[in-house]
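Structure first, commentary second.
The values are calculated or read from the model by the stated rules, or taken from the named source; none is laboratory data. As the structure is a prediction and not an experimental result, all values here were calculated from the model. When we count neighbours, we look across all protein chains shown, and the Cβ atoms used for this are built from the backbone with ideal geometry, even at glycine.
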Amino acid sequence: MNLKKLIRDVPGFPKPEIVFKDITTLTKDPIGLAATVDAIADRYADADIDLVVGIEARGFIFGGAIAYKMGLGFVPARKPGKLPAETVRAEYELEYGTDAIEMHKDAIEPGQKILIVDDLLATGGTAAAAAELVEMLGGEVTAIAFLVDLTFLKGRDKLPGYEVFSLVDYDSE
C-alpha cells in the first residue's frame, strides 16, 4: 500500500516556510491505519521486545496499537507535567530553545528491551530524548520506528547506534 498517498501536505503550517506532513488523513483511513500498525508490528514480531514506548502525542496513536498487536505493554513519553507519579526528564534542542519529555520512574525495569514509536522523524531531538529516558531507567532500545522520516532534516544523525526504521521517507520539502 502506498501510505504516502494518504499523508496530506499542509503548506505554511505552523510557519510560512514549513510544509507540514499531516498524518490525520492516514489515521482516519482504516486500511492505511491498519497497514501502518501491521507493517511496524510485523517488522519487530520476532525481535526481543518487552515494551513499546510512544512519544506524545501522535506516537500514542501508533505505539498503543502496535503494543496491542504485539501483545506488549505500552509506556507513554509525555510532555512535562502530564504524568501523575514521579518522573525522569530529558531535554532536547528545538530550533529556538529547548523542550523536554518525561516518563514515570517505574515505567521501565532494568534490562527490558524497548521499541520506541513516533509518527515522524524530523531533527531527531525528541526521539533521542526518548531513548535517553529509556536508558536512564536501565532499559535497552531495540529500535526506533516512525511512519515518516523527513530525511532532508537528517534526524537519524542524532540517533547513532540505534536501529531506525521508517515506512515513508521524504527526501525534500
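Remarks
- Reported count of residues in the range 133-161, each being buried (at least 18 other Cβ atoms within 10 Å of the Cβ) and either part of a helix (DSSP H, G or I) or basic (Lys, Arg) (or both), is 4.
- Within the range 1-26, restricting attention to residues that are under 13 Å from Leu167 (Cβ atoms) and not basic (Lys, Arg), the residue that is surrounded by the fewest Cβ atoms within 10 Å (Cβ to Cβ) is Asn2.
- Picking from residues in the range 27-47 that are over 16 Å from the mean Cα position of the chain (by Cα) and in contact (Cβ under 8 Å) with a residue 24 or more places away in the chain, the one that is surrounded by the most Cβ atoms within 10 Å (Cβ to Cβ) is Gly32.
- Residue in the range 107-132 that is farthest from the chain's Cα centre (by Cα), counting only those that are of a type outside the set (S, T, N, Q) and assigned to a helix (DSSP H, G or I): Glu132
- Checked against the criteria, Leu120 does not count as touching a helix residue (DSSP H, G or I) at 6+ places or on another chain (Cβ under 8 Å), of a type in the set (A, V, I, L, M, F, W, C), farther than 21 Å from Thr27 by Cβ and in contact (Cβ under 8 Å) with a residue 24 or more places away in the chain.
- Pair list, Cβ < 8 Å and 6+ apart or interchain, from the range 69-83 residues that are more than 28 Å from Tyr44 (Cα to Cα) to residues that are in a loop (DSSP other than H, G, I, E, B): Lys82/Glu56
- Residue check for Lys15: basic (Lys, Arg), farther than 21 Å from Ala143 by Cα and part of a strand (DSSP E or B): no
- Looking across Leu133, Leu150, one residue alone is farther than 14 Å from Ile116 by Cα and in contact (Cβ under 8 Å) with a residue 40 or more places away in the chain. It is Leu150.
- Residue list for the range 135-173, filter: of a type in the set (S, T, N, Q) and either at pLDDT below 95 or within 11 Å of Ala122 (Cα to Cα) (or both): Thr151, Ser172
- Qualifying residue in the range 116-129 (condition: surrounded by fewer than 18 Cβ atoms within 10 Å (Cβ to Cβ), in contact with a Leu (Cβ under 6 Å, 6 or more places away or on another chain) and under 20 Å from Glu140 (Cβ atoms)): no
- The range 48-84 - residue that is aliphatic (A, V, I, L, M) and in a loop (DSSP other than H, G, I, E, B) and, of those, surrounded by the fewest Cβ atoms within 10 Å (Cβ to Cβ): Ala57
- Ile101 touching a Leu at 6+ places or on another chain (Cβ under 8 Å) and in a helix (DSSP H, G or I): no
- Near pairs, Cβ below 9 angstrom, 6+ apart or cross-chain, from the range 6-18 (within 18 Å of Tyr96 (Cα to Cα)) to any residue that is of a type in the set (Gly, Ala, Ser): Ile18/Gly12
- When the range 162-173 is filtered for residues that are over 19 Å from Asp42 (Cβ atoms), surrounded by fewer than 18 Cβ atoms within 10 Å (Cβ to Cβ) and either among the basic types (Lys, Arg) or in contact (Cβ under 8 Å) with a residue 60 or more places away in the chain (or both), only Glu173 remains.
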